[in-house]
Amino acid sequence: MHATEVFGRYAEEYRHTVLTDDVIHHAKRAVIDWYASLFPGLAADPLAQLEQVLAEDLDHGRARLGNGRSATARAAALYNGTAAHAAEVDDSFRDAMYHPGAATIAAALAASQDTGATGLDFLRALVLGYEVSTRIGVVMGRPHYKFWHNTGTVGSFGAAAAAGGALGLGAQPFAHALATAATFTAGLQQAFRMDSMSKPLHAGRAAEAGLLAAQMAARGVTGSLDVLDGEAGLGKAMSNGPDWSQAGATLGRDFHITRLTFKNHIGCGHTFAAIDAALALRELHGLQPQDIAHVQIDTYKPALDIACYERPTTANEARFSLRYVVATALVRGSVRLAAYEPEQLDDQRTRELITRIDARIDPQIDAAFPGQRAARLEITTRGGEKLVHLQPNRKGDPELPLSDAELESKFLELATPVIGEQRASGLLQRIWSLDQATDLQRLV
């Protein structure tokens, strides 16, 4: 049995499975975090341009964009998936090196709105998308992540599985949806090694591609069922020929959606352990920028490869600058959306501190990646004192999770400036009661 068929068989079984209250609760948390990511992304590039390009698909259809406009399902998936990744606030599943929510929930919501699904149907669809896609990401492993942006590649499977669940696909059509989605997978890391607007489109295209694959499979379109594990398949072409035999071994028993990471800072998640370490030292020792002679960051290789900008000049570069976000944490005491506004980007204290920061790979920390995202900071003060903090996990990781209250606070902080306090509070309550909702019309 090919891997696509294993997942298809599970999807068939899943249709008759009652999810536990705990899994449903975690699905709601994922939706809250998705909307917290979506709203600030609406104002980011390239959303305005994308809305113009999609004009023929807007103001009709049963799905909705994050700004409230009606749209066809595929246009909504593309637009909302892009917006949910644009502000760099979206969730991740650590072991798959992947932001599952942006594409998976965008596709699940578009398909569910298009079919008139209930809130519980929507939640069940997105859970299925998370469970299937994260396992594909885990199998593809670190060799895939060397060149490919998993949110674009693996995200296609999250979207296909979620949309397939929303459309009620049986085992074989579901397998064929994954097989077709495999041929759509794309998203190169080189796309964000220079200042570029392309990165969030990876998530949007993944959402659209997965939804399209599921819609076609529902109409009888077939794919190559060995496309993941075949001799010229995804595993060989985009990884190191990994073993797919255990890809579905824990399906239905170990729900990955219960172990998500929700961002506690704004920017590239590979920088967050270092940010946490900087904040811990700042608070413990009452550090001021002028007290610091040198900062040494020890971390894992992808953090240096991806958060690579040493002297960022734009907000987008700053989001992918390990040195900038650590300097900002030490100067300002937080790394939120304001960190990328011109005033903070040009802050001379931050700019000067960046010149006193070095970063390198620690072999032991690197060896633990992707299962652990650690960083060590050593700050040398002007007086010659050395202050060291090892941050083994990031705040927001499963080991240090955001509480429901902290997640709500993140949502309100990011949603309120866009839709207002009253609408944000109302939407938050509707998400918490999604499993009781008869339709999705009141979700923007």
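The values are calculated or read from the model by the stated rules, or taken from the named source; none is laboratory data. Note that this is a predicted model, so its numbers are computed, not measured. SASA here: full protein model, heavy atoms, side chains in, ligands and nucleic acids out. Shrake-Rupley method; radii C 1.70, N 1.55, O 1.52, S 1.80 Å.
A few notes on this one:
- Count, lysine Cα pairs under 21 Å in the chain, 8 or more residues apart or across chains: 13
- Mean Kyte hydropathy of 0.0 or more with a Cα span along the axis of at least 24 Å, helices from DSSP in the chain: 119-145, 199-218
- Accessible area (Å², per residue) of the range 187-237, counting only protein heavy atoms and a probe of 1.4 Å: 47
- Choice from ASN80, ASN150, ASN67 showing the highest fluctuation, given a GNM over the chain with Cα pairs closer than 10 Å: ASN67
- Percent carbon-and-sulfur accessible area, the chain, ignoring ligands, DNA and RNA, probe 1.4 Å: 50
- Relative contact order of the chain, defined on C-alpha pairs under 8 angstrom at six or more residues apart (%): 19
- Entry comment: accessible area of the range 304-444 is 47 Å² per residue, from protein heavy atoms only and a probe of 1.4 Å.
- Taking a ≥ b ≥ c as the square roots of the eigenvalues of the Cα gyration tensor, an a/c ratio below 1.5 marks the range 120-270 as rounded.
- Per residue, the accessible area of the range 1-130 comes to 31 Å², computed with a 1.4 Å probe over protein heavy atoms only.
- Value at 222 nm in deg cm²/dmol, rounded to 500, when DSSP H runs of n ≥ 4 in the chain each add -39,500 (n - 2.57): -16000 deg cm²/dmol
- Along each principal axis, Cα extent of the range 307-409, largest first, Å: 37, 36, 26
- Measuring only protein heavy atoms, the 1.4 Å probe finds ARG142 accessible over about 80 Å².
- Note on the chain: antiparallel DSSP beta bridges, both residues inside, total approximately 80 percent of the bridges counted.
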